[in-house]
Amino acid sequence: MRTSGLKLLALFVIAFSLSCTTEAQVYVTIRPAAPAFARPIPPSRKHTWIDGEWIWRNGRYQYTNGYWVVPSRFGAMWVPGHWKQKRRGWFWKPGHWRRR
């Protein structure tokens, strides 16, 4: 009985920790400028453009190019990522999908 209770508690702790999302914010004093490039023609009218994103990798922000994608849910709208400034400096707020 005691081991099943411990297993249940461990399962609850694991499930709870997986449900909590944390977003690490890495601050920089000067926000980098996005490289300029031409947006390609959309493959179809169903596609939505996802702007390029900044990813913290190898001790610095690296830019990843934008791309076309078909939304996974009808009526979904892409909210582009952007730089936010706080007292500690600038950090990248990633883009995300939102319902209309």
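Brief remarks on what is shown
Okay, residues lined up against (1) in a strand (DSSP E or B); (2) more than 20 Å from R39 (Cβ to Cβ); (3) small (G, A, S):
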residue: W54; (1), (2), (3): yes, no, no
residue: R73; (1), (2), (3): no, yes, no
residue: M77; (1), (2), (3): yes, no, no
residue: K84; (1), (2), (3): yes, yes, no
residue: W90; (1), (2), (3): yes, yes, no
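- Selection of first residues in the stretch 42-66 that are closer than 20 Å to R98 by Cα and touching a residue at least 24 places away in the same chain (Cβ under 8 Å) and of second residues that are part of a strand (DSSP E or B) and small (G, A, S), restricted to Cβ pairs under 9 Å at least 6 apart or on distinct chains, gives the following pairs, ordered by first then second residue: T48/A76.
- Candidates I50, I41, filtered to the one that is at pLDDT 90 or above and surrounded by 10 or more Cβ atoms within 10 Å (Cβ to Cβ): I50
The values are calculated or read from the model by the stated rules, or taken from the named source; none is laboratory data. Please read all numbers here as calculations on a predicted model, not as lab measurements. With ideal geometry, Cβ positions are generated from the backbone for all residues, glycine too; neighbour counts draw on all protein chains shown.
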